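These notes are about the structure you will find just below.
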Amino acid sequence: MSGLFLSDKMNNKTKKYGLIGKSLAHSFSKGYFTQKFADDRIDAIYENISLSKIEAVRPVLLEDYAGCNVTIPYKEAIIPFIDELHGAAEIIQAVNTIEFKNGKTIGHNTDVFGFKQMIKPFLKSHNERAMIIGTGGAAKAVTYVLEELGVNVIHISRNPKGTHEFAYDDINENMIKFNGIIVNTTPIGMFPNVDEEVAIPYSFLNEKHLAIDLIYNPEETLFLKNAKTQGAWVLNGLTMLHQQAEKAWQIWNK
């Protein structure tokens with residue numbers, strides 16, 4: 001009887017989860033998981049872990065967390081502080097989910113799963129090429145998925161490197177014409193900076209284009225508004241966020 005009672009007490013311990021990032025006041029994850037815990041009557045809390053620099057993550061990873069998410073700008077920078085990488089995280093060198101297992105931290109990337117689930121229903125036969133705005137951790141996940149689906153990818157960056165990266169000033173009519181998918185993976189236009197827009201020549205977009213913004217707040221960024229005005233199909237990042245969050249939950253509770 002006493003053993004059963006002890007087990008029940010341990011099972012009833014409140015679990016702690018968190019989001020590691022920098023500016024988290026308007027983050028998706030805390031609200032999403034807090035509501036999930038309430039709806040499913042799960043004894044857990046979810047915290048925002050705002051760090052001014054990535055080195056401050058060391059003591060965080062030693063705390064009694066059951067799982068953590070990672071957001072910009074630390075999806076790549078956190079890797080040296082994690083014991084192991086798993087699956088896509090190891091391939092693309094970007095982490096958005098941390099599993100705590102047997103005294104070790106294991107980095108996963110559920111952005112890959114989330115983006116793939118989001119884009120699959122919208123891919124058309126003419127979507128053979130994609131232009132990705134940005135080169136950070138989210139861009140790596142998007143690139144991984146698109147290339148896996150047979151799409152050729154180029155990147156737009158403020159500091160282009162390599163043969164498949166270009167500067168904003170390099171974008172011209174032909175580049176827009178031949179890249180039927182355009183994905184913004186940067187925080188340009190994210191709340192509260194809703195008046196900022198991705199600097200591309202929108203006039204060359206048409207109804208054959210699919211414009212995707214990983215931003216979910218606001219629901220429709222200027223990037224998406226401008227693309228929609230030209231007749232393009234548009235998607236924001238909310239579906240991807242839901243999918244990657246649920247995948248993270250599966251990892252933490254497998």
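Derivation of every value follows stated rules applied to the coordinates shown; laboratory data play no part. Quick caveat: nothing in here was measured; it's all calculated off a predicted structure. Cβ coordinates were reconstructed from backbone atoms using ideal geometry, including for glycine residues, and neighbour counts include every protein chain displayed.
Things to note:
- Taking every C-alpha pair closer than 8 Å and separated by at least 6 residues, the mean separation divided by the residue count of the stretch 2-109 gives a relative contact order of 25 percent.
- In the chain, helical runs assigned H by DSSP with n ≥ 4 each contribute -39500 (n - 2.57); averaged across all residues and rounded to the nearest 500, the mean residue ellipticity at 222 nm is -9000 deg cm²/dmol.
- Listed from fewest to most Cβ neighbours within 10 Å, the set Thr14, Thr71 follows the order Thr14, Thr71.
- Database remark: amide H of Glu128 closer than 5 angstrom to the amide H of Gly180 (H placed geometrically; neighbours at sequence offset of 5 or more, or on other chains; Pro and chain starts carry no H).
- Evaluating 6.51 cos²θ - 1.76 cosθ + 1.60 at θ = phi - 60° for every residue in the stretch 243-252, the Karplus couplings come out as 5, 5, 5, 5, 5, 4, 4, 4, 5, 5 Hz, glycine and proline recorded as x.
- Of the residues Ile132, Ile251, Asn69, the one whose Cα sits farthest toward the positive end of the charge dipole of the chain, with +1 on the Cβ of Lys and Arg and -1 on the Cβ of Asp and Glu, is Ile251.
- Trypsin sites (Lys or Arg not before Pro) within the stretch 106-160: DSSP coil, no more than 16 neighbouring Cβ in 10 Å: Lys124, Arg158
- The GluC sites (Glu not before Pro) of the stretch 54-83 that DSSP puts in a loop, and whose beta carbon has at most 16 other beta carbons within 10 Å, are Glu63.
- Dimensionless Rg over Rh [the chain; C-alpha; Kirkwood]: 1.02
- For the chain: relative contact order, % (alpha-carbon pairs under 8 angstrom, 6 or more apart): 14
- About the Cα centre, charge dipole magnitude for the chain (Lys/Arg +1, Asp/Glu -1 at Cβ), debye: 440
- Computing Rg and the Kirkwood Rh from the Cα coordinates of the stretch 113-239 gives a ratio, Rg/Rh, of 0.92.
- With all pairs of different C-alpha atoms in the average, the Kirkwood value for the hydrodynamic radius of the stretch 134-200 is 12.9 Å.
- Here the stretch 113-239 is assigned +1 on the Cβ of each Lys and Arg and -1 on the Cβ of each Asp and Glu. Its dipole about the Cα centre then comes out at about 340 debye.
- Mean separation of Cα contacts under 8 Å, 6 or more apart, over the residue count of the stretch 134-254: relative contact order %: 18
- For Asn48, residues with placed amide H under 5 Å, excluding near neighbours: Leu19
- For the stretch 87-97, 3J(HN,Hα) computed residue by residue from phi via the Karplus equation (6.51, -1.76, 1.60; θ = phi - 60°) reads x, 4, 4, 6, 6, 9, 6, 8, 10, 10, 9 Hz, glycine and proline entered as x.
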